[in-house]
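Read through the structure below, which is laid out as structure tokens, and then see the notes.
The values are calculated or read from the model by the stated rules, or taken from the named source; none is laboratory data. None of these values were measured; they are calculated from a predicted model. Note that we place each Cβ from the backbone using ideal geometry, even for glycine, and neighbour counts take in every protein chain shown. Just the protein is used for accessible areas: all its heavy atoms, side chains included, with ligands, DNA and RNA removed. Shrake-Rupley method; radii C 1.70, N 1.55, O 1.52, S 1.80 Å.
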Amino acid sequence: MTLSTRLVTQKDIPELLALWQRFMREESDAVPEADPRAALRNWTERLHSQVQKHQAFLVESHGIPVGFAGFIDSSDRSWIPQSVAYVVDLYIVPEARASCAAKLLFGYLINDAAEGYEEVWTNTSAQNKRVQVLLKRVGFIPLGGFEISGLKEQLYFKKERKKLLLQRSS
């Protein structure tokens, strides 16, 4: 499978909405108490904002999106430190997971998309072992002393961009 990454544009939004709806069907425990219509509306609004701010990107195979990621920052939520890009959206279709699509997507996020930020943070359900393994494989470490109010049973992770940039220049 030949993969590439790039920023999301306005023309990608319909395909990403279809991917997001697939995510919600497959990973229903990710947002268990959410009203599906409200969740779709909120995600669509956030995606439009992320596209305008160059904070959404995708991985594609032969021009077809097979995954996406997006982040927010302190301009979106006051609880995010100014130096942090906070990944709030991540999905790879199951058939692309074995192809290193997520690793490529995180590489793009950390090396290119999150330029100007010192760290990248994210969270996942304490039960989602698959994502926890992925985060550790791409260099994330547990983030202690941080919690988002209202989210239950979450684990928080961070990756420092400075260390990655130093490793790349060595």
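Counting heavy atoms of the protein chains only and a 1.4 Å probe, report the per residue accessible area for the stretch 1-158 as a whole number of Å².
On the way: 8490 Å² over 158 residues.
The answer is 54 Å² per residue.
In Å, what is the Rg of the alpha-carbon atoms in the stretch 35-109, and how long is Dmax?
Rg and Dmax of the stretch 35-109, Cα atoms, are 13.4, 39 Å.
For Ile141 and Ala39, what is the calculated FRET efficiency with R₀ set at 30 Å and r taken between the beta-carbons, to the nearest 0.05?
Efficiency, from the Cβ-Cβ distance: 0.55.
What is the count of Lys pairs in the chain whose alpha carbons sit under 14 Å apart, if the two are 8 or more places apart or on different chains?
For the chain, qualifying lysine pairs total 4.
With a 10 Å cut-off between alpha carbons and a GNM built on the chain, which of Asn111, Asn42, Asn128 moves the most?
It is Asn42.
Are there any trypsin sites (Lys or Arg not before Pro) in the stretch 75-170 that are in a DSSP loop and have at most 10 other Cβ atoms within 10 Å? List them by number.
For trypsin sites (Lys or Arg not before Pro) across the stretch 75-170 that sit outside H, G, I, E and B with at most 10 neighbouring Cβ atoms in 10 Å, the list reads Lys152.
Based on alpha-carbon atoms only, what is the radius of gyration of the stretch 1-80 relative to the globular estimate 2.2 N^0.38 Å?
Cα Rg divided by the expected 2.2 N^0.38 Å: 1.14.
Given contacts defined as C-alpha pairs under 8 Å and at least six residues apart, what's the relative contact order of the chain, whole-number percent? Please list the in-between numbers first.
On the way: 227 pairs, mean separation 33.2, N = 170.
Normalised by residue count, the contact order of the chain is 20 percent.
Helix-only mean residue ellipticity at 222 nm, the chain, DSSP H runs n ≥ 4 weighted -39,500 (n - 2.57), per residue, nearest 500. What is it?
-10500 deg cm²/dmol
Under a Cβ-only charge scheme (Lys and Arg +1, Asp and Glu -1), can you give me the dipole magnitude of the chain about the Cα centre, in debye to the nearest 20?
For this selection, approximately 440 debye.
What translational diffusion coefficient, to the nearest whole µm²/s, does the stretch 30-159 have by Stokes-Einstein, given a Kirkwood radius computed over alpha-carbon pairs, a temperature of 25 °C and 0.890 mPa s viscosity?
160
DSSP loop (so not H, G, I, E, B), at most 15 other Cβ within 10 Å: list which chymotrypsin sites (Phe, Trp or Tyr not before Pro) in the stretch 43-125 pass both filters.
Here the sparse-neighbourhood loop sites are Trp79.
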